[in-house]
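These notes are about the structure you will find just below.
Please treat every number below as a calculation from the coordinates, not as lab data. Computed from a predicted structure; not experimentally measured. Every residue, glycine among them, receives a Cβ derived from its backbone with ideal geometry; neighbour counts consider all protein chains shown.
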Protein chains: 2
Amino acid sequence: MTVQREDVLAARDRVSSMIDRTPVLQSDALDRHVGTAVFLKCESFQKTGSFKARGACNAVACLSSDERSRGVYTHSSGNHAQALAFAAHLHRIPCHVVMPRSAVQAKVAATRAYGANIVFCDDSDAARRAAADQLGEETGAVFVHPHDDPNVIAGQGTACLELLDEAGPLDVILAPIGGGGLLSGTILAAQGDEPCPRIIGCEPAGADDASRSLATGERIVEFTPRTIADGLRTPLGDIPFTIIRSSVDRIATVSEDDILAALWFAWERIKIVIEPSSAVALAPLLNGSVDVKGQRVGVIVSGGNVDLTAVFTLLEGTV
Amino acid sequence: MTVQREDVLAARDRVSSMIDRTPVLQSDALDRHVGTAVFLKCESFQKTGSFKARGACNAVACLSSDERSRGVYTHSSGNHAQALAFAAHLHRIPCHVVMPRSAVQAKVAATRAYGANIVFCDDSDAARRAAADQLGEETGAVFVHPHDDPNVIAGQGTACLELLDEAGPLDVILAPIGGGGLLSGTILAAQGDEPCPRIIGCEPAGADDASRSLATGERIVEFTPRTIADGLRTPLGDIPFTIIRSSVDRIATVSEDDILAALWFAWERIKIVIEPSSAVALAPLLNGSVDVKGQRVGVIVSGGNVDLTAVFTLLEGTV
């Protein structure tokens, strides 16, 4: 295995001074609805608004001084872009990000605010790869992948370490699955607990490549995602796939209506602003599709970067 | 003085097992905007969704066993209704609440869910008082005023004790002012700190009875509030007026536009869902009307009970 629990523990020591120890919240309304105690690890309050700051900070901290002097680059339309720009800013090294021209303006602005150099490209995968390759050649910077990177995965796992530390032993932990960095990091982090909590990955039915990849044993890399959970539109990565395949309890898929209902529940009843990707990990608890009665449940609430107006327009049609 | 700091300390011991110790959050976006360190005591995560649970729990816990057996009653359109119903539910005693027919359906449902008996009345003050008087005569229950009650005031002050305990010494603390229970409790709680933080009360310009009462030295009891901050439409109470008059640093008034802007900032940037009354205490920091540069600032974020749809509709016109 290219990345193990020890790497998550080492990442924790490395990034603890760079990131926030986010609160673990409980909600009476949620506990009553689900019928058990649920602990929410709120990465929506993390630096840059999502867990991605953990992986990016660990990856940058792991670079040699030679690598660091060359700077870093990546491609991302969202949270990883901000996270890497933030990590590079902390280390005072250059950061270059390829972003699609369609990226949300607020995310572009936030990435730029950390001093990153932004290169825009067309929306296709091919355009994105071409732009990133060219950027790498021109700058000599080090590529930091959003999820297919052992140091990034180890960093993401630190959220789960903190959750277990604060909530105590858990029977089951739910986390969303897009590229799989958060879920695989969570799996590795939880392996130290005895008895080991069951880990449930959660994904939109409209981007269910992880379920299908696990069912066939072959990683699906080409598909057209149809979901409002913009953070989960990416195909499952290679390293995450290996980890998840061997150790995940199951993948729960949820409908777009259930994602919106979970989002609304979080905003109105739990009083936290979360993004649609986070709602994907709450939805299986709220719609009752996973049985957790009498169990102690953890949820990694992955982030809170959301265009409120856009989501509200969607919600008006459904609630 | 009918209520003192010792009463707040006693209230803390009394209610700590009934209520939540809510998180104190910090936000990079807020700190950057204000130019200093701001600590948010998030009562939006409190039982029943607001600080009112503190005062109601303390008042009910202070009743004699004879009084308790008679049950409690009050009048409230919102957070105090839910809070008293919750406190009565914990003590398994009857609770009766007079609510205006125009009360938000969600608040009526929440109050009823705690087992309270609800009596509806017309919207006028006279109708409310008449209905409450009749209810008291019929039931023999004990009246628990939303703010003009020493035990309620002492309970509300416990939020500030927890804030100081967690954030450490603060130079200034902002809290919203409606009936004045929260602000006067905050003043009493902070008096033990050396040096004593300055306390700033915050109210909407459209319900500025506290500023005007302090200016003339005479408590204004009749006025027509014009503000979306529904929790702050009540006139300042008698006991709070005495405490606030002697010890508040100043009252900051804010416009409706600034309340909405602060609400939006909290939702979108801090990622917490707060109600308009809470935004009133953030607004003077965000619009720069109080000078807190280089100071350690606390804010009592009073609650999170808000009709999201209604506020979104308002916001669409302004942001």
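Miscellaneous remarks
- Using only alpha-carbon positions in the range A:97-241, the gyration tensor eigenvalues give semi-axes of 30, 19, 15 Å once each is multiplied by 5 and square-rooted (largest first).
- The range B:1-105 - percent relative contact order, Cα under 8 Å, separation 6 or more: 22 percent
- Over the range B:194-319, the pair-distance histogram of Cα-Cα distances with 5 Å bins from zero comes to 2, 10, 20, 23, 19, 13, 8, 3, 0, 0 percent, rounded to whole numbers.
- Three principal axis lengths of the range A:1-111 [C-alpha, angstrom, descending]: 52, 38, 27
- Set against the 2.2 N^0.38 Å expectation for a compact globular protein, the range B:182-245 has a Cα radius of gyration ratio of 1.17.
- Pairs of Cα atoms in the range B:1-48 fall into 5 Å distance bins, from 0 up to the last occupied one, in shares of 5, 18, 15, 17, 16, 13, 11, 5, 1 percent.
- Quarter of the Cα convex hull surface for the range B:53-143, i.e. its orientation-mean projected area (nm²): 5.1 nm²
- Computed over Cα pairs, the Kirkwood radius of the protein assembly as shown leads via Stokes-Einstein (1.002 mPa s, 20 °C) to a diffusion coefficient of 83 µm² per second.
- Position A:GLU316: other-copy label points at 0.2 nm, ordered by increasing distance, label point 7 Å along Cα→C-beta.
- Alpha-carbon centroids, the range A:227-283 and the range B:11-69: separation in whole Å: 31 Å
- Top positive-direction residue, dipole computed over chain B with Cβ charges, set B:GLY55, B:SER69, B:PHE223: B:SER69
- Over the range A:121-247, relative contact order from alpha-carbon pairs under 8 Å, at least 6 apart, %: 25 percent
- Entry for chain A at q = 0.09 Å⁻¹: log10 I(q)/I(0) = -0.41, Debye formula applied to identical alpha-carbon scatterers, no solvent contribution.
- Sorted by Cβ density within 10 Å, fewest first, the residues B:THR158, A:THR216: A:THR216, B:THR158
- Percent RCO, i.e. relative contact order, over the range B:238-319, from Cα pairs under 8 Å lying at least 6 residues apart: 29 percent
- The residue among B:LEU90, B:ALA132, A:ALA130 whose Cα reaches farthest toward the positive pole of the charge dipole of the protein assembly as shown, with charges on the beta-carbon of Lys, Arg, Asp and Glu, is B:LEU90.
- Legend: distances between Cα atoms for B:LYS107/B:LYS293; B:LYS41/B:LYS107; A:LYS107/B:LYS52; B:LYS271/B:LYS293; pairs beyond 30 Å are B:LYS107/B:LYS293; A:LYS107/B:LYS52.
- Neighbour counting of Cβ atoms within 10 Å sorts the residues B:LEU135, B:LEU170, fewest neighbours leading, into B:LEU135, B:LEU170.
- Convex hull volume of the Cα atoms of the range A:34-99, normalised per residue: 86 Å³.
- For the protein assembly as shown, the 222 nm mean residue ellipticity estimated from helices alone, with every DSSP H stretch of n ≥ 4 adding -39500 (n - 2.57) and the total spread over all residues, rounds to -13000 deg cm²/dmol.
- Cβ crowding within 10 Å averaged over residues, with B:171-179, A:263-271, A:161-169 ranked highest first: B:171-179, A:263-271, A:161-169
- Mean partner shielding of peptide A:263-273, defined as the number of other chain Cβ atoms within 10 Å of each residue Cβ, is 5.
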